[in-house]
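Report on the structure given below.
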Amino acid sequence: MEWLALGSIEEIPALGGRYVETPQGQIALLRNEKDEIFAVRNRCPHRGGPLSEGFVSGHTVFCPLHNWQIDLEKGEAMAPDHGCVKTFPVRIEDQQVWLGLEEEAP
Amino acid sequence: MNPVSVQPRKARLVVVGNGMAGIRAVEELLKMAPDLYEITIFGDEPHPNYNRILLTPVLAGEMALEETILNPLDWYAEHGITLHTGSRVAMIDRVKRRVVTEDGRVAPYDRLLLATGAAAAIAPIPGNDLPGVVSYRDMADVAALIRDSGLGGEAVVIGGGLLGLEVAHGLRARGMGVTVVHRRAWPLDKQLDARGGALLQRAMEARGVRFLLGKESAAVLGDTRVRGLRFTDGGEIPTDVLVMTIGIKPRIELAQAAGLQCETGILVNDTLQTYDPRIYAVGECVQHRGQTYGLVAPLFEQAKVAANHLAEYGRMRYQGSVTSTKLKVTGIELFSAGDFMGGDHCEEVTLLDGGQGVYKKVILRENRVVGGLLYGDTGIGPWLFQLMRDGTDVSAFRDTLVFGETHLGDSGHAGESQAARLADGAEICGCNGVSKGSIVKAIREQGLFTLEEVRKCTKASASCGSCTGLVEQLLASTLGGFYDSTPKKKALCGCTDLSHQEVRDAILEEKLLSVRQAFAYLDWRHPGGCATCRPAVNYYIRTAWPAEGVDDAQSRFINERAHANIQRDGTYSVVPRIYGGVTSPAELKRIAEVAERHHVPMVKFTGGQRLDLLGVKKEDLPRIWAELDMPSGHAYGKALRTVKSCVGTEFCRFGVQDSTRLAIELERGLERMWAPHKVKLAASGCPRNCAESTIKDFGVIGVDSGWELYVGGNGGMKVRAADLLCKVKTHEEVLEVAKAFLQMYREDAQYLERTAPWVERVGLDSIKAVVVNDLESRRQLAARMDFALSQEKDPWAEAISGRLDIHAAPLRRIPA
C-alpha cells in the first residue's frame, strides 16, 4: 500500500467532493458534515456518473446523474438499487488528506 | 435490604394492541428516538403484526397468511421489544401506572399507547352466537370462513358495505353460493347513490352474488348450528354460514373502565393524548374532533404525530384527515369521496353510460369540488380528490371535469390512464423502467401504503414524476378500500416532518440565512440533509433573503454548481446567452472558432433557439467561457432560460408588433433569475404565434392594439395551453407584469413546481388579483424582482475573474 498526500481537507468542499486522477482512474474524495473523508472510484455503478459531483450527507453520496444513493462505507448502492463501487482507504493527519493505493495487479 | 439501584433506567412504554396503527407508531418512534424507551407490546391475536388490508386476498385463496406479515418476530427482537401475543390486557391501573393482563402478567409504564383497534359489530338478534355465525375482522375469522367454505353450500352475508361485498367475493371464489342481505335499497350506500348502487348490484349479480335488499334481520335460525335467517317481514332464507359485516365499533372498554373519557371512541386531542396525559391512543379506537377513522392513511398520520410526542419532540399536531375511498370489489372500479349525494347549494356534474357501465358524478359548491363518486372508470379519482383537498376553482374546466386531467392533455401516457386495465408487463415508469407487475408485487409483498414508499422501494415515479397518477391508481386498486390517497400534509422529504410551506415560513419568520442554520434550527434528522431538501431549502433562503441569504454551492444541483449542463458521459454543454435569439456574423464566427479550437464534439441549436456546444470537459469550461466572452445562458438552471421570438414587424410582412425587440428587453430584464423550476418565455409578433407563446411559462402575442400576455403554458412533459392573463399596450407594461407574475411564482410555488401546475393550483383569478388588478401590488412585486436580480452576477464572468471556483480541475494528478 502506497500512501499519497492529496492536500488540505479544506480543498474538498464540505458535503461535497473533488476527484483525483490516478493511474487507476479517477477517484472521488467526499467530505461529510463530520469532516470524515471517503474515497471511492469516481463512477456510479449505474451509468458511470461522477460521484465527486454528488450531494454528500452522513455516509451517503447521491449520484448527480440519476440520484442513486451509494453507501460510502460499504461502497454499495442502497436499495432498491444494486451495484457496488470500489472504496479506498483514507487517512487524515494534521488536516492533510492521505489516500491509500494498492500496487496495481500486474 | 435491597440495594437501591442508581442505574438510570429507561422510560417504559407499553403498547396495547399489536396491529397496524400501534406498530406504525412504534416504528416512527424508533426512527426518531431508538433508545428512549424500553418497549413492551401486548396483542390479543397470536400473530405478529400483519397487513389487515389483505384479509380478502387470503380469504379468496390468492395469498397465504405468512405473506401478509408486516413485522416478523425477528423485527421485535432486533429492536429489543418485548412482545406478548395472545395476551389480552384486562385492566389499566392509572394510579400505579401499570397494566394487568387476563393471564396475570403485570407491566408497569411511564407512557402507555392504546391501539386497541375496533371490533366487528354483531347484530343484536337471537341466535347471533350460534356456531356458523362469524364476523370478518381478523385472521381467526378468515380461518373460520375458509374452514366453513370448504363444506360448500350456502352463505349469507348481512351488511352490503365494503367488507360485506369483499367477503361475498371471497366466498364466491371459494365456490359457495352467496346472498348479500342489506337493509338499504342499494349496496354500498355509504359510498354510492342509487344509480351507482344499481350498476354495482348488476355487476356483482353477473358474478353470481345474489342480493336481498331492504331486508331487516330478525333472528338467526338453528339449534346447534346456524341453518337460516329470518327477516322482520317474516321471510326466511336457509344458509350454512352467516357472516355479519354491519360495521365496526372502536374497542374502548379497557379505556372506559380506566376512567378515560370516551364517546364512540377514546377521546384524544391534537397530540393524540387521552384524558390522562401519560396515555396516548391511535388508530381505529380513537375519536378525534368527533371523527373516527377506519382507513389506513389517517391511522398512519396519527401514528406519526403520537410518535413525535412520545419521542419528546413535541412539534406536530394531528388536525384530522380528509379521506376518500377508492375500492376494488371483485374487479369493479369504484371511487368516492366527500359529499357525493349533493343537495342544497350544490350542483351536480354527471356522466352516465349504462352500456359501458360507467357512471361519474362530481358535486360542486361555488365551483369547487366537495365530493364525487366514480363507478366503472375511476382514472380521475386521485386528481378529483386533489382538487377537493386543495379547494381548486374549477370554473375554467367544468365542462371537461368528468373526463379528467387527461382531457386537458396528459403526458406521453395519455390514453393509458386506466392503470388497472393494463397488463402486468406494461411499463408504468418510463424513466426507471418499472412495470405494473413489479409495482403491484412490491405493494403486496413489502406492505407499502404510500406513494413515497413505492418510490423508495421500486423507483417508480421517483424521477420525472409524470407517472405519479398511474402509481397512485395502482396503490388504490391493490390496497382496495383501505387506500386513502395521500396524507393531507406532505413532508418536504425524509429528513423532516415539516412541509415545504412550513419550512418556508420558518425561514422568513426566524430569518434563517443558510441551509446549515435552517437544518439545525428545524431539527433536521440528518445534519447533511439529502438531495431533495438541500436545493429546495437553499432556494427558499435565497428567495426570502436575496441580499443576506447564503447561496450554498453544495446545496445546488451539479448543473447550477458547474454553471453548465452535465451530460450522460460526464461532460458538459455550454449555452451562451444570445438575447432574443438575435446574433451577428462576428459573434457566430467567434463561437465557431472556439468550438473548432477546443474540438467541441457537437454544435447544435437548442429547443429555445440558442446555440449549444456539447461534450465539453469540466476542466475546459472556464477557458471556453473566457474565449466566448459572452454571459451565461443559464440553460442549466432552475432559472430564466431563453425568450424565444419570431421576426416581428422589423421584417415579417404579417407582424403587427416588434417581437424581437420585446424578446431582447424581456431577456435582459430577467436574466439571472432563479426560480422554483426552469422558466421559458416567448414573444410572437402577431396572432400566428410563430414563437409558440401559448406553451410557455410566460408568453406574449402581439395584436394590433398591443400585447396579449399568457401564463402557465407548458410544452414539455405535460402539454398545457397557457391562460390569457391580460392585455396591455406598452413594452414597459409587459415587463412589469412579467416581473410581477414571475416574482409571485418565485415566492409562492413549491421548489420544482412549474408554472403550469402552480397556476392550476392557486387559480388564475388569485394571480390576476395581485398582478393585474392591483397596480400597487404589481409594482411592489416587480420591485422585489428587480432587487433580487440586482444581487446576482454573471457566473461565467465570476469564474473567469477567479471570484467563483467551480472546481474545474482535479484535486491532484497522480502520475504513474
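The values are calculated or read from the model by the stated rules, or taken from the named source; none is laboratory data. Just so we're clear, the structure is a prediction, and the values are computed from it rather than from any experiment. Cβ placement follows ideal geometry from the backbone for every residue including glycine, while neighbour counts extend to all protein chains displayed. Calculation scope for accessible area: heavy atoms of the full protein, side chains included, ligands and nucleic acids excluded. Shrake-Rupley method; radii C 1.70, N 1.55, O 1.52, S 1.80 Å.
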Problem - Of the criteria (1) over 24 Å from B:Leu789 (Cβ atoms); (2) within 26 Å of the chain's Cα centre (by Cα); (3) within 14 Å of chain A (Cβ to nearest Cβ), which one B:Ala491 fails - result: (3)
Practice task
Write out, first by first residue and then by second, each pair whose Cβ atoms fall under 7 Å of each other, whose residues are 6+ apart or on separate chains, and whose first residue, in the stretch B:188-200, is on the phi > 0 side of the Ramachandran plot while the second is open to solvent by 10 Å² or more (accessible area, probe 1.4 Å).
Solution key: B:Leu188/B:Gly161; B:Leu188/B:Leu162
Exercise for the section: Collect the residues in the stretch B:753-790 that are part of a loop (DSSP other than H, G, I, E, B) and either touching a Pro at 6+ places or on another chain (Cβ under 9 Å) or touching a residue at least 40 places away in the same chain (Cβ under 8 Å) (or both), keeping them in residue-number order. Expected result: B:Glu753, B:Arg754, B:Gly763
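Of these, B:Arg365, B:Arg389, which one is over 23 Å from the mean Cα position of the chain (by Cα), open to solvent by 30 Å² or more (accessible area, probe 1.4 Å) and basic (Lys, Arg)? Quick ask: steps written out before the conclusion?
Values: B:Arg389 fails: over 23 Å from the mean Cα position of the chain (by Cα).
Every option except B:Arg365 fails the conditions.
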Problem - Count - residues of the stretch B:653-673 that are outside any helix (DSSP H, G or I), in contact (Cβ under 8 Å) with a residue 24 or more places away in the chain and at negative phi - result: 7
Practice task
Taking the options B:Glu560, B:Glu548, name whichever one is part of a helix (DSSP H, G or I) and either within 29 Å of B:Phe787 (Cβ to Cβ) or more than 14 Å from chain A (Cβ to nearest Cβ) (or both).
Solution key: B:Glu560
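Can you tell me which of A:Ile37, A:Ile9, A:Ile70 is touching a residue at least 40 places away in the same chain (Cβ under 8 Å) and either touching a helix residue (DSSP H, G or I) at 6+ places or on another chain (Cβ under 9 Å) or within 8 Å of chain B (Cβ to nearest Cβ) (or both)?
Numbers: A:Ile9 fails: either touching a helix residue (DSSP H, G or I) at 6+ places or on another chain (Cβ under 9 Å) or within 8 Å of chain B (Cβ to nearest Cβ) (or both); A:Ile70 fails: touching a residue at least 40 places away in the same chain (Cβ under 8 Å).
After ruling out the rest, the residue left standing is A:Ile37.
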Problem - The listed residue being touching a Ser or Thr at 6+ places or on another chain (Cβ under 9 Å) and assigned to a strand (DSSP E or B), out of B:Leu83, B:Leu113 - result: B:Leu83
Problem - Given (1) within 13 Å of another protein chain (Cβ to nearest Cβ); (2) assigned to a strand (DSSP E or B), number of the condition A:Pro80 does not satisfy - result: (2)
Problem - Filter result for A:Pro64 (out of contact with any His (no Cβ under 9 Å at 6 or more places or on another chain), within 8 Å of chain B (Cβ to nearest Cβ), within 23 Å of B:Cys530 (Cβ to Cβ) and of a type outside the set (D, E, K, R)) - result: yes
Problem - Answer residue from the stretch B:721-742, given it is of a type in the set (D, E, K, R) and in a helix (DSSP H, G or I) and is most open to solvent (accessible area, probe 1.4 Å) among those - result: B:Glu732
Handout entry: Residue among B:Val95, B:Val58, B:Val134 that alone is more than 27 Å from B:Leu165 (Cα to Cα) and either more than 36 Å from the chain's Cα centre (by Cα) or in a helix (DSSP H, G or I) (or both)
Key = B:Val95
Practice task
Being of a type outside the set (Lys, Arg) and crowded, with 21+ Cβ neighbours inside 10 Å is the filter; apply it to the stretch A:12-21 and report the residue that is farthest from the other protein chains (Cβ to nearest Cβ).
Solution key: A:Gly17
Handout entry: Residue list for the stretch B:494-530, restricted to those being without any contact (Cβ under 8 Å) to a residue 12 or more places away in the chain, in a helix (DSSP H, G or I), within 14 Å of chain A (Cβ to nearest Cβ) and not aliphatic (A, V, I, L, M)
Key = B:Gln517
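From the list B:Leu151, B:Leu165, B:Leu145, which residue is outside any strand (DSSP E or B), among the hydrophobic types (A, V, I, L, M, F, W, C) and open to solvent by 20 Å² or more (accessible area, probe 1.4 Å)? Break it down into steps so the answer makes sense when it comes.
On the way: B:Leu165 fails: open to solvent by 20 Å² or more (accessible area, probe 1.4 Å); B:Leu145 fails: open to solvent by 20 Å² or more (accessible area, probe 1.4 Å).
Just one listed residue meets the conditions, B:Leu151.
Could you tell me whether the stretch B:255-264 includes any residue that is among the β-branched types (Val, Ile, Thr), surrounded by 16 or more Cβ atoms within 10 Å (Cβ to Cβ), out of contact with any Gly (no Cβ under 6 Å at 6 or more places or on another chain) and not assigned by TED's automatic domain parsing to the domain that holds B:Val180? Don't jump to the end; show me each part of the working.
Here is the first cut: in the stretch B:255-264, the residues among the β-branched types (Val, Ile, Thr) are B:264.
Retained after the next criterion (residues that are surrounded by 16 or more Cβ atoms within 10 Å (Cβ to Cβ)): none.
No, every residue in the stretch B:255-264 fails to be among the β-branched types (Val, Ile, Thr), surrounded by 16 or more Cβ atoms within 10 Å (Cβ to Cβ), out of contact with any Gly (no Cβ under 6 Å at 6 or more places or on another chain) and not assigned by TED's automatic domain parsing to the domain that holds B:Val180.
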Practice task
Within the stretch B:445-459, work out how many residues are of a type in the set (A, V, I, L, M, F, W, C) and either under 17 Å from B:Leu492 (Cα atoms) or within 10 Å of chain A (Cβ to nearest Cβ) (or both).
Solution key: 3
Completion exercise
Filter the stretch B:531-545 for residues that are facing chain A (nearest Cβ under 10 Å) and not in a helix (DSSP H, G or I); the one that is most open to solvent (accessible area, probe 1.4 Å) is B:Thr532
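One line per residue, one yes/no per condition, for (1) within 27 Å of B:Leu804 (Cα to Cα); (2) of a type in the set (Asp, Glu):
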site: A:Ala14; (1), (2): yes, no
site: A:Leu30; (1), (2): yes, no
site: A:Gly54; (1), (2): yes, no
site: A:Trp68; (1), (2): no, no
site: A:Asp71; (1), (2): no, yes
site: A:Lys74; (1), (2): no, no
site: A:His82; (1), (2): no, no
site: A:Gly100; (1), (2): no, no
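I need the full set of residues from the stretch B:686-718 which are in contact with a Cys (Cβ under 7 Å, 6 or more places away or on another chain) and either free of Cβ contacts under 8 Å to residues at least 40 places away in the same chain or open to solvent by 10 Å² or more (accessible area, probe 1.4 Å) (or both), in order please. Talk me through it step by step, then tell me what you get.
The first filter runs over the stretch B:686-718 and keeps only residues in contact with a Cys (Cβ under 7 Å, 6 or more places away or on another chain), leaving B:690-691, B:702, B:709, B:717.
Answer for the stretch B:686-718, where residues must be in contact with a Cys (Cβ under 7 Å, 6 or more places away or on another chain) and either free of Cβ contacts under 8 Å to residues at least 40 places away in the same chain or open to solvent by 10 Å² or more (accessible area, probe 1.4 Å) (or both): B:Cys690, B:Leu709, B:Met717.
If you check B:Tyr745 against the conditions, is it hydroxyl-bearing (Ser, Thr, Tyr), crowded, with 21+ Cβ neighbours inside 10 Å and either out of contact with any helix residue (DSSP H, G or I) (no Cβ under 9 Å at 6 or more places or on another chain) or farther than 20 Å from B:Leu666 by Cα (or both)? So that I can check it myself, show each step before the final result.
Details: hydroxyl-bearing (Ser, Thr, Tyr): yes; crowded, with 21+ Cβ neighbours inside 10 Å: yes; either out of contact with any helix residue (DSSP H, G or I) (no Cβ under 9 Å at 6 or more places or on another chain) or farther than 20 Å from B:Leu666 by Cα (or both): no.
Here the answer is no, as B:Tyr745 does not meet what is asked.
For the stretch B:563-582, how many residues meet the condition of being in a helix (DSSP H, G or I) and either open to solvent by less than 20 Å² (accessible area, probe 1.4 Å) or within 13 Å of another protein chain (Cβ to nearest Cβ) (or both)?
Restricting attention to the stretch B:563-582, the residues satisfying the condition of being in a helix (DSSP H, G or I) are B:579-581.
Going one step further and asking which of them are either open to solvent by less than 20 Å² (accessible area, probe 1.4 Å) or within 13 Å of another protein chain (Cβ to nearest Cβ) (or both), we end up with B:580.
Selection size over the stretch B:563-582: 1.
Only residues that are away from chain A (no Cβ under 14 Å) and outside any loop (DSSP other than H, G, I, E, B): list them for the stretch B:791-816, please. Quick ask: steps written out before the conclusion?
We begin by selecting, within the stretch B:791-816, every residue away from chain A (no Cβ under 14 Å); these are B:791-803.
If the condition is that a residue be away from chain A (no Cβ under 14 Å) and outside any loop (DSSP other than H, G, I, E, B), then B:Pro795, B:Trp796, B:Ala797, B:Glu798, B:Ala799, B:Ile800 are the ones that fit.
Do the conditions hold for B:Val157, that is, is it free of Cβ contacts under 8 Å to residues at least 60 places away in the same chain, in contact with a Gly (Cβ under 9 Å, 6 or more places away or on another chain), open to solvent by less than 30 Å² (accessible area, probe 1.4 Å) and more than 25 Å from B:Gly22 (Cα to Cα)? Show your work before the answer.
Numbers: free of Cβ contacts under 8 Å to residues at least 60 places away in the same chain: no; in contact with a Gly (Cβ under 9 Å, 6 or more places away or on another chain): yes; open to solvent by less than 30 Å² (accessible area, probe 1.4 Å): yes; more than 25 Å from B:Gly22 (Cα to Cα): yes.
Taking the combined requirement at face value, the residue does not satisfy it.
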Handout entry: Selection from the stretch B:620-673 of residues that are over 29 Å from B:Leu752 (Cα atoms), open to solvent by 30 Å² or more (accessible area, probe 1.4 Å) and in the same structural domain as B:Ala564 (by TED's automatic domain parsing)
Key = B:Asp620, B:Arg623, B:Ala626, B:Glu627, B:Asp629
Problem - Some residue of the stretch B:67-88 being free of Cβ contacts under 8 Å to residues at least 60 places away in the same chain, in contact with a Pro (Cβ under 6 Å, 6 or more places away or on another chain) and over 21 Å from B:Phe300 (Cβ atoms) - result: yes
